[in-house]
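Quick notes on the structure that follows.
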Amino acid sequence: MKRGPKGVLEESAAGLADVLEPGGHLALCVPDPELARPFDALLERKLEIPSRVHASLTRHFMVYESR
């Protein structure tokens, strides 16, 4: 079944948040920060660094912390 990045992140968010110990960190790299929205409800976003790769491509490095 083909899900794409959005589906994979939506389906993975709760499981990844569950395995983090309190104060644990999760790092993501996504092409669009909207893809990380499922994590915003479960974890605290500590850092977001956009990194321009070339004219039309930016990667967003994000770090979340377990509450």
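Each reported figure results from applying straightforward, stated rules to the coordinates on display, with no laboratory input. The shown structure was predicted, so the numbers you read here are calculated from the model rather than taken from an experiment. Backbone-built Cβ (ideal geometry, glycine too); neighbour counts: all protein chains shown.
Take every Cα pair under 8 Å in the chain that's 6+ residues apart, average their separations, divide by the length, and report that relative contact order as a whole percent.
Result for the chain is 38 percent.
Report, in debye and to the nearest 20, how large the dipole of the chain comes out about its Cα centre when Lys and Arg carry +1 and Asp and Glu carry -1 on their Cβ.
Values: 9 positive and 10 negative charges, 60 e Å.
About 280 debye.
Expressed as an acute angle from 0 to 90° and rounded to the nearest 10, what is the orientation of the C-alpha long axis of helix 4-19 relative to the principal long axis of the chain?
30
Once Lys and Arg get +1 and Asp and Glu get -1 on their Cβ, which of Val30, Tyr64, Val53 lies farthest toward the positive end of the dipole of the chain?
Val53
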